[in-house]
Each structure stands twice: as C-alpha cells, then as structure tokens.
1. For Pro88, are the conditions met, namely being surrounded by fewer than 13 Cβ atoms within 10 Å (Cβ to Cβ) and closer than 26 Å to Ala110 by Cα?
2. Within segment 20-39, which residues are surrounded by fewer than 16 Cβ atoms within 10 Å (Cβ to Cβ) and either over 24 Å from Asn100 (Cβ atoms) or modelled with pLDDT under 70 (or both)?
3. Considering only residues of segment 91-110 that are farther than 16 Å from Val10 by Cβ and either at pLDDT 90 or above or not polar (S, T, N, Q) (or both), which is least open to solvent (accessible area, probe 1.4 Å)?
4. Give me the residue from segment 67-76 that is surrounded by 15 or more Cβ atoms within 10 Å (Cβ to Cβ) and not hydrophobic (A, V, I, L, M, F, W, C) and, out of that set, nearest to Phe55 (Cα to Cα).
5. For segment 1-15, give me the residue count where each residue is at pLDDT 70 or above and of a type in the set (Gly, Ala, Ser).
6. Kindly list, by first and then second residue, each pair from a residue in segment 50-77 that is in contact (Cβ under 8 Å) with a residue 24 or more places away in the chain and within 14 Å of His9 (Cα to Cα) to a residue that is among the acidic types (Asp, Glu) and assigned to a helix (DSSP H, G or I), limited to pairs with Cβ atoms under 7 Å and residues at least 6 apart or on different chains.
Amino acid sequence: MIFGPKRAHVMFIFENFIKDFGIFLIALIVFLFIRDIQFLLDNVFIVVIALAGPFSRLIRYIFTRYTIDEERLIVESGWLKKEKLEIPLATISSVDMTQNLLFQLTNVHAL
C-alpha cells in the first residue's frame, strides 16, 4: 500500500487563522472604518507586513509533500532550503489527532 506524494488538507493554511490573519483583518477593518484610500496608501507597509503571515503559510503548504510506503513516512518540505524527513513506520507507536474549531467545522484532523 503506497500513498503519495500528497499535500495536507487545504484547511491547514488556516490552522492558526487569528495568528496569521489577525493583523491583516485589523488593518482591513481600520481601512473600512476610515474609508480613505490615501490612509491605506500612506500605510502600505502595514498591509505588506500583515500579509507576511498568510503568505508564509501558503508557501509552506505548497512546498510540503507527504508520502507513505510499506516501510516509512516521508515528509519533503522547503522552497529555498529543501528538507526530507524519513520516519520508519516501525518507530511510530501512537498517533494523536487534534481538531481546533475550524477543523471541526470541516471534519479535518491534525495528526
């Protein structure tokens, strides 16, 4: 039985939604409250910084692949710095599953 290479569920991009998107949402709310495009242009660096978290999460999602074969679990990740982690299946003694609220709504589990 061979599975892979596969990506994780797309919901993992939003796993830490408040942490990653919080600053962007605050900047967006302030912009909508003020309704002044010049305010946004004057503070474009805040928007760029606010988008750094979600963008890094998206890059990590795109460049991470999981493969399972008869002997091992392989996790390949990285864009500029490639990393490959091979875990023998014989060494895995337990699997813990968690769900935050967003994962519960979409029936996704984190292992």
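1. Working: surrounded by fewer than 13 Cβ atoms within 10 Å (Cβ to Cβ): yes; closer than 26 Å to Ala110 by Cα: yes.
Considered against the rule, which asks whether it is surrounded by fewer than 13 Cβ atoms within 10 Å (Cβ to Cβ) and closer than 26 Å to Ala110 by Cα, Pro88 comes out as yes.
2. Residues of segment 20-39 surrounded by fewer than 16 Cβ atoms within 10 Å (Cβ to Cβ): 22, 25-26, 28-30, 32-39.
Residues satisfying the conditions are Val30, Leu32, Phe33, Ile34, Arg35, Asp36, Ile37, Gln38, Phe39.
3. Top of the filtered list is Ile92.
4. Within segment 67-76, the match that is nearest to Phe55 (Cα to Cα) is Glu76.
5. Residues in segment 1-15 being at pLDDT 70 or above and of a type in the set (Gly, Ala, Ser): 1 in total.
6. Short answer, once both residue conditions are applied: Arg57/Asp20.
The values are calculated or read from the model by the stated rules, or taken from the named source; none is laboratory data. This is a predicted model, so every value here is computed, not measured. Virtual Cβ from ideal backbone geometry, glycine too; neighbours counted across all protein chains shown. Note: areas computed on protein heavy atoms with side chains; ligands, DNA, RNA excluded. Shrake-Rupley method; radii C 1.70, N 1.55, O 1.52, S 1.80 Å.
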